Each structure stands twice: as C-alpha cells, then as structure tokens.
1. Please go through region 28-43 and pick out each residue that is closer than 28 Å to Ala80 by Cβ and either of a type in the set (Asp, Glu) or not assigned by TED's automatic domain parsing to the domain that holds Pro243 (or both).
2. Which residue pairs have Cβ atoms under 8 Å apart, sit 6 or more places apart or on different chains, and have a first residue in region 187-199 that is among the hydrophobic types (A, V, I, L, M, F, W, C) and a second that is part of a helix (DSSP H, G or I) and at pLDDT below 95?
3. So Asp128 clears everything in (1) more than 28 Å from Arg62 (Cβ to Cβ); (2) in contact (Cβ under 8 Å) with a residue 60 or more places away in the chain except one condition, right? Which one?
4. Can you tell me which of Ile105, Ile43, Ile87 is modelled with pLDDT of 95 or more and either away from the ligand (no atom under 16 Å from the Cβ) or among the acidic types (Asp, Glu) (or both)?
5. Consider region 162-178. How many of its residues are near the ligand (Cβ under 10 Å from one of its atoms) and closer than 15 Å to Val264 by Cβ?
6. Of the residues Asp280, Asp286, Asp313, which single one is within 27 Å of Pro185 (Cβ to Cβ) and among the charged types (D, E, K, R)?
7. Can you tell which of Lys184, Lys269, Lys222 is at pLDDT 95 or above and not assigned by TED's automatic domain parsing to the domain that holds Phe360?
8. Could you go through region 51-67 and let me know if any residue there is assigned by TED's automatic domain parsing to the domain that holds Ile181, of a type outside the set (Lys, Arg), within 16 Å of the ligand (Cβ to nearest atom) and touching a Cys at 6+ places or on another chain (Cβ under 9 Å).
Amino acid sequence: MSSDTKRIYNFSSGPAVLPVPVLQRAREEMLSFRGSGMSIMEISHRSSLFDEVLMAAEGGVRRLMNLPDNYNVLFLQGGAAFQFSMIPLNFLGANGTADYVVTGIWGEKAVKEAGRCGRVNIIYDGKDDGYKRAPRPGEINVSANSGYVHYTSNETIDGVEFNYDIDGGGVPMICDASSNILSKPIDIGRYSMIYAGAQKNLGPSGVTVVIINDELLEHVPKNQHSLLDYRNIASSRSMANTPNTWGIYLVGLVCEWLEQQGGVEAIAKVNDEKARRLYDAIDNSDGFYSGRAEPGSRSRMNITFHLPSVELDEAFCSESERRGMSGLRGHRSVGGIRASIYNAFPLEGVDALVDLMRDFAAENR
Ligand SMILES: *Cc1c(COP(=O)(O)O)cnc(C)c1O
C-alpha cells in the first residue's frame, strides 16, 4: 500500500473504523455509481437506482437482525441524540410517564430531554456508583403505567454493557443500541424500538437507524409534526424529505460485508474473543491496568481502563500513537484509556494493543 492508503489501528469511539472492503467498494463506485455516470451523492433519492440502495440497506438490517414483518426499518438524521427528544415527543405526552434506566452519560442525556416533555421515572441510576455496572435483572421494576422503558444497551463512554435483555413486562421497551447494534444476536420480540447512530457499528455519521414495530407506531400523536412523526417516516420509506443518501448507501455496504462475515452470530464470537484478549491483559497485569466497569457489566465494544497515574495514561497514549494506533484516549469526562473495538476493528489490532500493554507495563512498573 502506498503511504496515502496506509491504514492504522483506529480505536476511535465514533465515528469509528469501517471495513476496508467497504471503503474500497465506495471508492470504486465513486465516480460512476453502477454505470450511471454519477456518484451516489449526485443521484435523485426518488430514482430507481437509489431505491435499490435503500432496499439493500433495509434488507441487510432486516436479515441480520431477523426482523419480522411488523418491524419497520427507518433511516433518520439528527444522530442518535436526536432520538432522545423524538422519542418523548412521540410517546411521552404531557400527562404521561416513562421509565428510564441510566447506566452512563448517554442515558443521562436521554433523561434530560425526556424531562422537557413529561414525567420521567428513573428506575435505575448508576451515577452514584460512577457508572460502573448495569443493574441486575431483579434491581429494576418497570412501572405498569409507564408509556415506555428506555435504556442504553452499551454505554460507550463508561464501557458498561448489559449482558441480558431487560424484561419490560408488557411496557414498550426502547433501546439506544448505538454502540453495540449488530454486535451480537438479540431477541427482537422483546423490543418495540431499537435505534442507533450509524457511526459506531453501521456506517458513517449522519444517519440513524430506527427499528420500530407497528404497535408502537400507533402511539404517535395524531397532529405530530411531519418530520417528527415516525408513522409518516415509515409510510414514506424514510423519504419524508431528502434522506442521507450517502449514509444509507454505506450502511447497505456494511450490512453486506457483515453478511459475508457470517452475520451477527459469527461476528459475536469474534467480538467476544477480541474483548476477552483485552480484559485478560488488564486482569493479568498485577494491577498495573485497572478496568473501569465491573466484570459482569464489561462492554465488549468499548474497553475502558486506566494506569496507575494520569501521567502514565498520557504516556501510554503517546506510545500507542508511536506504534501506529489512534483513538485510545478515554472520553474527557472519565479520562483513562478507551479501546473501541467495534465489528470492523481487526483482531490483529487488538493483539497489537495487548503487546503494547505488556511492554509498557514491563517498562513502567
Ligand atoms: C454516540 C452515541 C450517541 C450519540 O450519537 P450522535 O449520533 O452523536 O447523536 C448516543 N448514544 C450512544 C449510546 C452513543 O454511543
């Protein structure tokens, strides 16, 4: 590879690493998309060519997640964080209440927006424990009169992941899966809605995938603003206005790549192995590295840890950059180190980090 195409190990939390074959394909198709003489960004979203792109992306998500017909796949804009507002604007109502499970900073932000629309009942709050774990199933009690339950299946900043599906007991379950969607099989029947900003596991930023079932769509208020109305977006097949055509195209390519890897079950095994190697490196370091999340809640996507001092955290990051790695600095709110290892992150990159951890500990103990 020439220097302008050389790849490094990119541990960024998002936007994050994309599969190289996807980038190559996008490059090949850039100037003349499927013989049209135009790039994907230059064709009409109403054209039959774009229709194929939309179908490919929708179909990819459907097959990979095994979605039954009563689930809709929508492509929205405004990022995952826009859903923090759009969800309560549709499903909370002035007199309603909703239950929120807060296991990290993203959940906290979701609560803040929902609080502007109605009553928010925080049924689990991990803040006092420093967001180090997910609640155990018995620790959360969903209120029977709640409009919905919202939780974050993987807290990207703190590195806290649920290893089970919350039982909503019949109350619609809404999940922010931005940083672990398609990383493992899930039981879709338990969810009324799952959403994810694409820039971690699905594609580029600027497109948000929303999977929502027909039943929840019926709860959208009658006179909702068109672009806030999930029903309208579903019936217009995500084309209530001009969608992010480029983003949807890449989501389709990422889905195709994932299917070639053997789908979600196959990638889950690789993800487990990648995470295991890093947590082993932490646990076998005689305390030089300390994991942030409690072992039962450790994220398989965002491995968070710290060294004995902030100076060493910093020296570790500098050394990682010298070795051709990037994106390992923890989020500014928590510090330390964060290795984001989404689906597209290669196993060799994990091994390179494990080698660095071993060498750095030996030299700086
Ligand atoms: C990144 C992230 C978000 C925010 O995504 P935007 O697309 O920037 O709005 C929300 N929730 C989780 C869990 C995330 O990881």
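1. Filtering region 28-43 for residues closer than 28 Å to Ala80 by Cβ gives 29-30, 33, 39-43.
Passing the criteria: Glu29, Glu42.
2. Here the result reads none, with nothing in region 187-199 linked to a residue that is part of a helix (DSSP H, G or I) and at pLDDT below 95.
3. The one condition Asp128 does not meet is (2).
4. Numbers: Ile105 fails: either away from the ligand (no atom under 16 Å from the Cβ) or among the acidic types (Asp, Glu) (or both); Ile87 fails: either away from the ligand (no atom under 16 Å from the Cβ) or among the acidic types (Asp, Glu) (or both).
Exactly one residue qualifies, and that residue is Ile43.
5. Summing the residues that are near the ligand (Cβ under 10 Å from one of its atoms) and closer than 15 Å to Val264 by Cβ in region 162-178 gives 1.
6. Details: Asp286 fails: within 27 Å of Pro185 (Cβ to Cβ); Asp313 fails: within 27 Å of Pro185 (Cβ to Cβ).
Testing whether each residue is within 27 Å of Pro185 (Cβ to Cβ) and among the charged types (D, E, K, R) leaves just Asp280.
7. Numbers: Lys269 fails: not assigned by TED's automatic domain parsing to the domain that holds Phe360; Lys222 fails: at pLDDT 95 or above.
The unique qualifying residue is Lys184.
8. Taking region 51-67 as the starting set, the residues that turn out to be assigned by TED's automatic domain parsing to the domain that holds Ile181 are 51-67.
From what's left, of a type outside the set (Lys, Arg): 51-61, 64-67.
Subset that is within 16 Å of the ligand (Cβ to nearest atom): none.
No: region 51-67 contains no residue that is assigned by TED's automatic domain parsing to the domain that holds Ile181, of a type outside the set (Lys, Arg), within 16 Å of the ligand (Cβ to nearest atom) and touching a Cys at 6+ places or on another chain (Cβ under 9 Å).
The values are calculated or read from the model by the stated rules, or taken from the named source; none is laboratory data. Everything quoted here is computed from the prediction, not taken from an experiment. When we count neighbours, we look across all protein chains shown, and the Cβ atoms used for this are built from the backbone with ideal geometry, even at glycine.
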